[in-house]
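**Q** Encoded as C-alpha cells, here's the structure I'll be asking about.
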Amino acid sequence: GAGVSQSPRYKVAKRGQDVALRCDPISGHVSLFWYQQALGQGPEFLTYFQNEAQLDKSGLPSDRFFAERPEGSVSTLKIQRTQQEDSAVYLCASSSGSGANQPQHFGDGTRLSIL
Amino acid sequence: GNSVTQMEGPVTLSEEAFLTINCTYTATGYPSLFWYVQYPGEGLQLLLKATKADDKGSNKGFEATYRKETTSFHLEKGSVQVSDSAVYFCALSDQNFNKFYFGSGTKLNVKP
C-alpha cells in the first residue's frame, strides 16, 4: 500500500535483549518522526529526521535508544538492553515537509512487550 | 514547556447528540493545534488543524476554534454518528513543526 509501514507489528523480547523496529515512510516524504505510546496515553515524541539528518532527538528517554535513517527513507529505532518500562507501542509518522499544511501520516505501530 | 490537557473519557453519547471534547494547552511561542482520530484497529489520522489564533478547523462535521485567550481548542460536532466512535487526540506542534505534543486521548462511544 501507499501508507507508512512498520514492522514487526508485534515484538516480544526478554529484558536485556536488543530490539530493532523498522519504519518505511511514504515514498518521497522528507520528514520522519518516532513516537512512544504507553497504554492509555497519547503518543510522546522521541525523535525527528529531515531526510537523513536527525534534527531532534530530545525525546529519546535514555542512551539505550538509538534511531537512524541512513539513506533518508527507511528508518530503524533500536533499543538496547531492553527494560520492562520500554513496553509500549512505537509509532512512526512521515510527512512531505515541515509545516502544518503537510500532515503527518502515521503507521499502525509496533507493539513491544518486554518480559 | 509545551503540553496538552484534554478531558478524560470515555464519553458515551446517543446518536445525533451534540459532542464537545475539551482541550487546553500550554505553549511558548505560536503553536499550531490539531485533532487526530484513531478508529478501532486503525492508525492515527489527522482530523483537523488550525495554525493561528481565531482560526477554525473543520472536517467531517467536526469543528474546533483556536482560542488564544483561553488557550483552548475544543472539538465539537452537532450530531454524532455511531461511526464517530473512536479515540480523539488533541495535539500541538512547536513553531518549526518538528515536535508534536499529544494529549492523553478521549474515547468516544456513540450508541444507536
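**Q** Which of the trypsin sites (Lys or Arg not before Pro) across region B:1-67 are loop residues per DSSP, with 13 or fewer other Cβ within 10 Å?
**A** Passing both the DSSP loop test and the Cβ count: B:K52, B:K60.
**Q** What is the average number of partner chain Cβ atoms found within 10 Å of a Cβ in B:98-108?
**A** Across B:98-108, the average partner-chain Cβ count within 10 Å equals 5.
**Q** Using Cα springs under 10 Å in a Gaussian network model of chain A, which residue among A:A67, A:A88, A:A38 shows the largest mean-square fluctuation?
**A** It is A:A38.
**Q** Sketch the reach of a paramagnetic label on A:S98 as a point 7 Å from Cα along Cα-to-Cβ, and name the residues of region B:83-101 whose backbone nitrogen lies under 13 Å away.
**A** B:94-100, by backbone N distance to the label point.
**Q** Can you give the mean number of other chain Cβ atoms that lie within 10 Å of the Cβ atoms in peptide B:37-45?
**A** Mean shielding by partner chains, rounded to a whole number: 4.
**Q** Still on this structure, I have one more. Equivalent-ellipsoid semi-axes (√(5λ), Cα gyration tensor) for chain A, whole Å, largest first?
**A** 23, 14, 13
**Q** Kindly sort B:T5, A:T76 by accessible area of their heavy atoms, largest first, with the probe set to 1.4 Å.
**A** B:T5, A:T76
**Q** Say each of A:S58 and B:E8 gets a label point 7 Å from the Cα, pointing the same way as Cα to Cβ; how far apart are those two points in nm?
**A** 2.9 nm
**Q** Now a separate question. Looking at region B:16-112, which GluC sites (Glu not before Pro) are DSSP coil and have at most 15 other C-beta atoms within 10 Å of their C-beta?
**A** For GluC sites (Glu not before Pro) across region B:16-112 that sit outside H, G, I, E and B with at most 15 neighbouring Cβ atoms in 10 Å, the list reads B:E16, B:E42, B:E69.
**Q** Moving on to the next point. By per-residue mean of other Cβ atoms within 10 Å, what is the highest-first order of A:29-35, B:35-41?
**A** Ranked from most to least packed, the peptides come out as A:29-35, B:35-41.
**Q** What is the magnitude of the charge dipole of the protein assembly as shown about its Cα centre, with +1 placed on the Cβ of each Lys and Arg, -1 on the Cβ of each Asp and Glu, and no other charges, expressed in debye to the nearest 20?
**A** 400 debye
**Q** If we restrict to alpha carbons, what Rg and Dmax does region A:1-43 come to, in Å?
**A** Computed over the Cα atoms of region A:1-43, radius of gyration and Dmax are 13.0, 36 Å.
**Q** Select from B:N22, B:G78, A:G42 the residue farthest towards the positive end of the dipole of the protein assembly as shown; place +1 on Cβ of Lys and Arg, -1 on Cβ of Asp and Glu, and compute about the Cα centre.
**A** Result: A:G42, furthest along the dipole toward the positive end.
**Q** May I ask which residue of A:H29, B:Q45, A:F66 lies farthest towards the positive end of the charge dipole of the protein assembly as shown, with charges of +1 (Lys, Arg) and -1 (Asp, Glu) on Cβ and the Cα centre as origin?
**A** A:F66
**Q** Taking region A:18-115, which trypsin sites (Lys or Arg not before Pro) meet the DSSP loop condition and have no more than 15 other C-beta atoms within 10 Å?
**A** Here the trypsin sites (Lys or Arg not before Pro) that fit, given the DSSP loop and packing criteria, are A:K57, A:R64, A:R81.
The values are calculated or read from the model by the stated rules, or taken from the named source; none is laboratory data. Because the structure is a prediction, the values reported are computed rather than measured. So basically every Cβ, Gly included, is an ideal-geometry build from the backbone, and we count neighbours across all protein chains shown. These accessible areas exclude ligands, DNA and RNA; they are computed on the full protein's heavy atoms, side chains included. Shrake-Rupley method; radii C 1.70, N 1.55, O 1.52, S 1.80 Å.
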